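Before any comments, here is the structure.
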Amino acid sequence: MKVLVSGGAGYIGSHTVVQLAEAGHEPVIVDNFSNSKPTVIDRVEQIIGHHVTWYRADLTDRAVTERIFLRERPDAVIHFAGFKAVGESVAEPLKYYENNLNTTFSLIHGMQASGCRLFAFSSSATVYGMAPLPFTEEETDLSALSPYGYTKLAGERILTDIAAATDIRVALLRYFNPVGAHPSGLIGENPLGIPNNLMPAIANVATGRQDMLHVFGNDYPTPDGTCVRDYLHVVDLADAHIAAVEWLSEHDVATRIWNLGTGRGTSVLELVHAFERACGHKLPVEFAPRRPGDRDAYWASAERARDELGWVAKRSVDDMCADTWHCQQGNPDGFPNGEPASQPSQA
Ligand code: NAD
Ligand code: UD1
C-alpha cells in the first residue's frame, strides 16, 4: 500500500515510516517540521536504504493537502500531525484545537478528492479519563483533562461520524506511553525537546543535562508510591499501525478502536532503575509534590489488538531504556540542523 504519513518526520511518525518501508509498503511523508527537524528524512533514508517521498506542507491548508492527495493517490493515511504538549494546550487552547482538528479535516477532504478510504488516527489513553482499570475499548465513559485531550476525543467523534456516513474506514488507535528509539540510534524522540514527559527527563539526567530527576509524588496507592504507566516501545507501536491499516483493508467495518499498550504497568522508580541498568550509573532522584492532573496508575487491556490484529508489544522496558540511551549517546546535541540531502516533492 501507498501510505500517506502525516507528521511523518516526528517521533512516532518517523519510526512508522521505517517500519512501513521495511514491511514492503510505500510511505509518503507530509510534515511542516513545526516539531521535528528536516534532517530526520536523511536518517530515515539511511535506515531503509532508499529515497522516501516527502513534502514540506502545512496540513491545515486544505488546498495544498488536496493537491498532495491528487498527486500521490495514497491507499491509506496514518495521521500523526498535531501538537501534543498537555500544559501548552491549557495555555493556548486555540492553537491546539485549530491545528489538531484542521489537519484532520484537510486529510479527510484529500481522501474524498482522491478516493482514499483507509484512515488511522493517533489517539491517546488520555481519553479514558477516570475510567476503571484496566482501560478497555468498550468503555463509554470517556473524558479529557485538557484541551489536548479534547482534541483527541473530538477527533475520535468526528471520524466516527464521517466513517458512518461515507465509505471511509477508520482505526482509532489509543496509545499508552510510547518511549524508546529505533535500535540504530538514528531516530528517536528529539533529545533536546523540553522534557515534560518522564523518559526524556530521565535521559536528560543520565546525560548530565539535568542535575536531578524530580519524581512527582511518592505517596500514591501503588507498590512503591510512585505513579504507574503502561510504557511501550515506539517500534512496537509503529508496527501496530501497519497491522491496523492492513486490517482495515481487509474488513468492512466503519470504525474500530484498539488500545496500543503492553497491558503491564511500570512505576516511575522502576523505569529509573531500568534506565540505570542501561546507562550503567545511578541517577540522582528527588521526591517532589504530585503533579496536578496525574492519575495514580493506569494500563491498557491489550487483548483486542492481540486477538484482532495479531499484534503484541514485544520489546521490554529494558529494551526501551537501552534504545533511548543509545540514541542519546549518538545525538548528544540533538538531531542536526539543516536541510536533508534529498529533495522534497512539490505539491
Ligand atoms: P511529534 O510532535 O514528534 O510529531 C508530530 C509531527 O507532526 C511533527 O513532526 C510536526 O512537525 C508535525 N506537524 C504538526 N502540525 C502539523 C501540521 N499542521 N502540518 C504538518 N505537520 C505537522 O509527536 P509524536 O510524539 O510523534 O506524536 C504523534 C501523534 O501521536 C500526535 O498526534 C500525538 O498527539 C499522538 N500521541 C502521542 C503520544 C506520545 O506520547 N508521544 C501519546 C499519545 C498520542
Ligand atoms: C502524559 C500526558 C498525557 C499524554 C502522555 C503521552 C499529562 C498530565 N498527561 O501522560 O495526556 O497522552 O503524556 O505520553 O501531561 N514524572 C516525574 N518526573 C518528571 C516527569 C514525569 O515523576 O520529570 C512522572 C509523572 O508525574 C507521571 C509519570 O512520570 O506520574 C509519567 O509521566 P509522563 O511521561 O508525563 O506521562 P503521563 O503523565 O502518563
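Brief remarks follow.
- Neighbours by Cβ (under 8 Å, 6+ apart or cross-chain): first from segment 149-165, closer than 14 Å to residue 94 by Cα and among the β-branched types (Val, Ile, Thr); second assigned to a helix (DSSP H, G or I) and at pLDDT 95 or above: 151/89; 151/96; 151/97; 151/100; 151/101
- Set side by side, the residues 217, 193, 208 differ, and just one is at pLDDT below 95 and at positive phi, which is 208.
- A count restricted to segment 1-26 and to residues that are in contact (Cβ under 8 Å) with a residue 12 or more places away in the chain and more than 17 Å from the chain's Cα centre (by Cα) stands at 7.
- Residue pairs meeting the criteria (Cβ under 6 Å; at least 6 apart or on separate chains; first within 19 Å of residue 8 (Cα to Cα) and within 14 Å of ligand 1 (Cβ to nearest atom), in segment 82-98; second in a helix (DSSP H, G or I) and small (Gly, Ala, Ser)): 96/89
- Within segment 296-346, the set of residues being at pLDDT 95 or above, within 30 Å of residue 226 (Cα to Cα) and part of a loop (DSSP other than H, G, I, E, B) comprises 296, 298, 299, 301, 302, 311, 312, 313, 314, 315, 316.
- Annotation: of all residues in segment 149-176 being basic (Lys, Arg) and within 13 Å of ligand 1 (Cβ to nearest atom), the one that is nearest to the chain's Cα centre (by Cα) is 174.
- Close pairs (6 angstrom Cβ cut-off, 6 or more residues apart or separate chains): within 14 Å of residue 39 (Cα to Cα) and touching a residue at least 40 places away in the same chain (Cβ under 8 Å) in segment 53-64, part of a helix (DSSP H, G or I) and more than 16 Å from ligand 2 (Cβ to nearest atom) anywhere: 54/41; 55/68
- Any chance residue 106 is in a helix (DSSP H, G or I) and surrounded by 24 or more Cβ atoms within 10 Å (Cβ to Cβ): yes
- Tallying residues that are among the small types (Gly, Ala, Ser) and more than 13 Å from ligand 2 (Cβ to nearest atom) within segment 76-90 yields 2.
- Residue 20 satisfies every condition listed in (1) buried (at least 22 other Cβ atoms within 10 Å of the Cβ); (2) within 10 Å of ligand 1 (Cβ to nearest atom) except (2).
- Subset of segment 129-160 that is in contact with a helix residue (DSSP H, G or I) (Cβ under 6 Å, 6 or more places away or on another chain) and in a helix (DSSP H, G or I) - its residue that is surrounded by the fewest Cβ atoms within 10 Å (Cβ to Cβ): 153
Here's the yes/no breakdown for (1) closer than 22 Å to residue 293 by Cβ; (2) out of contact with any strand residue (DSSP E or B) (no Cβ under 9 Å at 6 or more places or on another chain); (3) more than 12 Å from ligand 2 (Cβ to nearest atom); (4) part of a helix (DSSP H, G or I):
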| position | (1), (2), (3), (4) |
| --- | --- |
| 127 | yes, no, no, yes |
| 162 | no, no, yes, yes |
| 172 | no, no, yes, no |
| 183 | no, yes, yes, no |
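- Residue match in segment 240-254 (condition: over 29 Å from residue 54 (Cα atoms), within 20 Å of the chain's Cα centre (by Cα) and not charged (D, E, K, R)): no
- Scanning segment 194-231 for residues that are farther than 18 Å from residue 293 by Cβ, touching a residue at least 60 places away in the same chain (Cβ under 8 Å) and within 17 Å of the chain's Cα centre (by Cα) gives 199, 231.
- When segment 27-86 is filtered for residues that are under 17 Å from the mean Cα position of the chain (by Cα), more than 17 Å from residue 341 (Cα to Cα) and part of a helix (DSSP H, G or I), only 86 remains.
- Take the conditions (1) crowded, with 22+ Cβ neighbours inside 10 Å; (2) modelled with pLDDT under 95; residue 203 misses just one of them, which is (2).
The values are calculated or read from the model by the stated rules, or taken from the named source; none is laboratory data. Not measured: the values here are computed from a predicted model. Heads up, the Cβs are rebuilt from the backbone with ideal geometry, glycines too, and the neighbour counts pull from every protein chain shown.
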